[in-house]
1. Taking N as the number of residues in the stretch A:222-300, what is its Cα Rg relative to 2.2 N^0.38 Å?
2. Highest mean first, what order results for A:266-273, B:442-449 on Cβ atoms within 10 Å?
3. Under the definition of Cα pairs under 8 Å and six or more residues apart, what whole-number percent is the relative contact order of chain A?
4. So what's the gap between the Cα centers of the stretch B:71-97 and the stretch A:39-98, to the nearest angstrom?
5. In what sequence, largest accessible area first, do B:ARG321, B:ARG280, A:ARG307, B:ARG102 appear using a 1.4 Å probe?
6. State to the nearest 20 debye the size of the charge dipole of the stretch A:21-270 about its Cα centre, where the only charges are +1 on K and R beta carbons and -1 on D and E beta carbons.
7. Expressed as a fraction of 2.2 N^0.38 Å, the rule-of-thumb size for a compact globular protein of N residues, what is the C-alpha radius of gyration of the stretch B:557-757?
8. Of the listed pairs B:LYS51/B:LYS83; A:LYS44/A:LYS184; B:LYS468/B:LYS569; B:LYS526/B:LYS547, which have alpha-carbon separations greater than 19 Å here?
Amino acid sequence: MSLRDRLERLEGAVKKSGSERLVPESMDWIAPLERELNVRVLQKENSFFLLKEAVHPVLNNPAFAYLQQKGFQTDCFYRLVGLEREQPLPLRRAVFFDLETTGLAGGTGTYAFLIGVGTLESDAIRVRQYILPDYSHEWVLLDHLQLLFREYPFTISFNGKTFDIPLLGNRFVLNQMENVLEEKLHIDLLHAARRIWRRVLPSCDLQQLEKEILQVERVDDIPGELIPQIFFDFIRKRDAWLLGDILEHNYHDIVNMVLLGVYLAAVAEDPLQFLNSPREIAALADYYFRRRWDEPALPLLKYLIHRSQHFPVRLNMQPFFQLAMILKRQGKPREATEYLWRLMKQNVTHPMVIEELAKFYEHREKNYPLALEIVERGLNRLRQMEQLDRGKVKGRYFQALEHRRQRLRNKIARQQTGTPRHRNCWTNNG
Amino acid sequence: MNLEQLIDYLRGNPQLGANITHWEEIPPREAQWEDFPDAIQPRLMEALRAKGIQRLYVHQAEAFRHVEAGKHVVLVTPTASGKTLGYNLPVLNTLLQEPDTRALYLFPTKALSQDQLNELHDLITRMEADIRTFTFDGDTPVAARKAIRRAGHIVITNPDMLHQGILPHHTIWIQLFENLRFVVIDEIHYYRGVFGSHLANLLRRLKRIAHFYGRRPQFICCSATIANPGELAGRLLEDDVVVVDRNGAPSGRKHFVFYNPPVVNRELGIRRSVVNETRRLARFLLDAAVQHIVFARSRVRVEILTRYLKEDARTLHMEQRRVRGYRGGYLPNERRQIEQGLRSGDILSVVSTNALELGIDIGQLDAAILAGYPGSIASTWQQAGRAGRRSTTSLAILVASSSPLDQFIIQHPEYFFHKSPEMGIIDPDNLLILMSHLKCGAFEIPFEEQEEFSPVGTAEILDYLVDKRVLRKTGGKYFWMSEIYPAEEVSLRSASPDNVVIVDTTEGEQVIGEVDLFSAPMLVHKEAIYLHEGNMYHVDNLDWDRKKAYVHRVAVDYFTDAITKTTIKVLTVDEDKDAGMFRLGYGEIQVSGVTTGYKKIKLHTHENVGAGRVYLPELEMATSAAWVEIPDALAAELNFNENQLSGALQATANLMRNVAPVYLMCDPNDIRALPMVRSPFSHIPTIYLYDNYPGGVGLSFKFFTDPLPIVEAALQLVSHCPCEAGCPSCVGPMLEVGTAAKQHSLIVLQQLTQALGNR
């Protein structure tokens, strides 16, 4: 009995699957492919890969036009993409890229068979797609990619930090090549997008963003999860249309990613021009505030406060409170207090607001009765919340406020009797 | 009363004495020392001296020398003999001199890794060396993983993590692989059967990846005492391995007592329960304040015994917190606390599953009671080894259950004490296992056309996988061509690819056990009475698609006996040989079994009180088997009628299967025996012994090459069993084999022993 028969039988106990004889390898398929898909063959030694190039004109795109005027220079984009250090990011020196892979599992057995690359021209997006014709040619494709990446000082992707970058890194290591991406600056648009739209959109994947933000609708697009299998079919059958579908899908990924990047950069440069909903502006302000970038946060907060009467209460607290905290940081406590009082007047008595106000009156103004009144108000509010069974998360505020109340009461008592601390024994004795 | 006095008391107690089948006194042993070899770095030597280690045991020094000479080493030593230092010494010594080198430690469980980490940390801190040591397993926080990959000098992990988490991602472990110098594998006797066959392939993958990065790591292995540590290590590593087995560690006098609970029902061969007898013995230890450990075979038993012993502690006016249970499922903190309590002496009695069998540091105790034979001689020694300080006397008691394996061991102490017969057997070339690792290997690095992963079959299997469209062959290489992450589909430990889980619905839903797929139709068909831990359960439903059996507890006066039709088809005869009038064969078989119904049988009277039908699919498995053909002439000569012959064959098959685990070091479930009065293949009476795993793992082949010890042991088991005419502890239930089976199987086995002995 042959080994093959034994395997068939052993596997039969586990699962059954059909077998199909393969078409012998030949190169006849290349010429039609070149014609139908308009790709070029690039050869080195005995290996080759395919390249498809296109230029995508950009029309009627305000963000693009805006950046075009600035020569695609960006001065504030670094903040939105999460870099620590101030640095200009000239978008024409960036290479946008997106991979199509043989799976999503990651690890050394997942291959990138299509690397789509986008770069900015003065009035268009240039798209280059590098296609792996078969596994054994991987090195020549990577070799070429290495040269390309070296020409650009930084790369931009969508979700590349966790997926595309490590995956390409694996490919370089496996082909015993230097990983050019390792030290290169990389910008992940997914993270930037999340900073603005995490709470605004149901999800922040590229499909959602291009629909909601770029207002682009794809037609006849293949679902991403089918792509690996279509590629496997392609290398067995060599039908041009199989590859064509994937190229089309990837082309839109690239173009839309570049447009998203351009839009985000425009937002970073002039948020009030390019963001329109208060929730987006509040999200961006919140991000700057948390990163302690007060300067870009201020105009956004002021804008929000200016228009605040149109917002629901939930949105209201954030700009007032954050503006107050910035003013406090800048050594303007009295002005800060004004904004907090404006919240109190609207009946926004969140414990954080109470706490800040009480601190101000207790420590700066030494106005203990007023501080106590504020604390009492906050505690009443918390008790109300508790009765509505929404107070579960507020436990720590409760404790802190009660503690503060006790201290204030003691201070008031001492003020009234005119006795400083630790003097009680003397008076008693005397 | 101290331990010595207690031992005297136990010895003199006539009530207990009647149940003691053997009392072995192992004399104390002096330490054999050797000075630190010159090659050891001064810093390391200082750190060891600071810990109170002035010299090495001879086995530690010998292992060190072989490792220094570049050899793979397997260190064979009993519990508490300082084997950890045996591998830490050469590894740390090299790391001190070459700070770029890396080492990978493999332990079979996570708990052991943690313990190992603490030990290494202690030495490294004392040396004030920059040697970073980390455990890497499922519990490692994601945030820490990157640092471990980049900077860990010693990475401690387990085979499952290596298989799924490290090897398929070797490119991000580049710092480890480019500098990999040592691989330490502890407890290699654990890696036998299916698990061992997987490990051998996992090591093939590891070596292949190391080779890709230009390294050829050196292996240091440790094993408990088994018959073939060198052979097992050699098969795992597929390279020459030096065996170091001259133990230099001292030990105090040890008393090892075999205790067989008295028979309460001779007909059924039922003895008093292990749990109650263990409790009785442990109470003596509690009363004498002798620190001890009780090993129980299941988690439930641990809980029951812990409760009993706490009660006993109370009646003895002792604090109940001095008795503790210990098992998987306890929180790590709780476990650390118990381990600490044992070391400090706060805890007097601990009841544990085999979780404490392996090298977790709990110090040495005075006594150990093993409630039931742990399944292998090596495990028994490891559990018993928990008792035994280096200088003072210790006591270990093995309490046997009614199971045939326990009964065989308890009545044949000579197998246990004088010739450890059990062998770690693996088959790295089991086709299914090999194929699953070839898939993983292709995922990791494409295979070259001429590459040899396994000595046979690499290219054929790779081509087969190309046909199945899992791989793509192009440019002289095989590439992974699938979206699947293959390591995720391969479990290293499961004995059979699928198990049926048994869910008790008496109170909520609780998983109480599992049975392998091929036994499930017999044991847990709908309406069956399933016996587990002495309790009876009624099977309400067998959900075949989800592989779950739902049961609830009952108290009924009957049990069920499945009507099963099992047939064997011989597919190939790979080898055969004559032994007197018998003929032995080895090859591949197809086993098919179908359960069609069941009988209800009243307890004690064994009346047939009902029956039912079962509708379940027929199961098929291709595996390897050895068989013994019994000539018609013998049956004629013995004048057996058809029924008697069938009973004798069944009894003989049961006996051989019952003792086989002693030699093959396998779970009783791993091997099956099936008699056929008229084998459709040979047309004469035949007994088949087959591996209960698709493709086989080498167990039946071992029987084919060396059948005599198993046949002899089967003969011993039946001839020494005190039952009248057969019982479940020897030939099987009388109902199944008939009243004459004990006597008839004795004759068959005598003939067979003689024939094999004369070869």
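1. Normalised Cα radius of gyration, the stretch A:222-300: 1.76.
2. Numbers: A:266-273: 18.0, B:442-449: 20.8.
Descending packing order for the listed peptides: B:442-449, A:266-273.
3. The normalised contact order for chain A reaches 12 percent.
4. That distance is 56 Å.
5. B:ARG321, A:ARG307, B:ARG280, B:ARG102
6. Working: 25 positive and 36 negative charges, 80 e Å.
The dipole of the stretch A:21-270 has a size of about 380 debye.
7. That works out to 1.01 for the stretch B:557-757.
8. Beyond 19 Å: A:LYS44/A:LYS184; B:LYS468/B:LYS569.
The values are calculated or read from the model by the stated rules, or taken from the named source; none is laboratory data. This is a predicted model, so every value here is computed, not measured. Every residue, glycine among them, receives a Cβ derived from its backbone with ideal geometry; neighbour counts consider all protein chains shown. Only protein heavy atoms, including side chains, enter the accessible area calculation; ligands, DNA and RNA are left aside. Shrake-Rupley method; radii C 1.70, N 1.55, O 1.52, S 1.80 Å.
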